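Only the coordinates and a few stated rules stand behind these numbers; no lab work does. None of the values given here were measured: they were computed from a predicted structure. Here the Cβ is made from the backbone with ideal geometry for all residues, glycine too, and neighbour counts use every protein chain on show.
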Amino acid sequence: MEALKHSGLGIASFITSIVAGILIFVLIVIAGIMEASTPGGIDETSADAVIVGLFLLAFLGASIVAFGLGISSLIQKNRKKIFGILGTTFSALIVLGTAFLIVLGLAMG
């Protein structure tokens, strides 16, 4: 009996979710610094704020893609599932955590 190979989709899901999570964290830190360093708070219509928001949405989209890749890796037959499980879990936590922070920020503003 041959040893099972790792799923390429699972590896892609894992890597994408980790990279997207790190970049979202960096963007949230940048947004916090921008808010703290601007007297009266950041202007939500400024180019800087719009760019940070667009990148945040892009990385959230990447995390959703990672979730889909992870799910599709889990339904593959004759493949190891660990990277698919990790990618699916990380991407789901990233999307939920970021959504929570966005809702929290809107409630405070």
Fill in: Separation between Cα centres of segment 76-109 and segment 14-68, rounded to whole Å
15
Item to complete: Have a look at ILE24, THR89, GLY41 and report the one farthest towards the positive end of the charge dipole of the chain, computed about the Cα centre with Cβ charges (Lys/Arg +1, Asp/Glu -1).
Response: THR89
Worksheet entry | On Cα atoms only, tilt of 47-74 relative to the major axis of the chain in degrees | 20
Item to complete: Normalising by the residue count of the chain, find the relative contact order in percent from Cα pairs under 8 Å and 6+ residues apart.
Response: 44
Worksheet item: Pick the calculated semi-axes √(5λ) of the Cα gyration tensor in Å for this structure from [x] 26, 13, 13; [y] 19, 15, 13; [z] 36, 11, 10?
Response: [z]
Worksheet item: Can you list the aspartates and glutamates whose alpha carbon is less than 20 Å from that of LYS80, not counting same-chain residues fewer than 8 positions off?
Response: GLU2
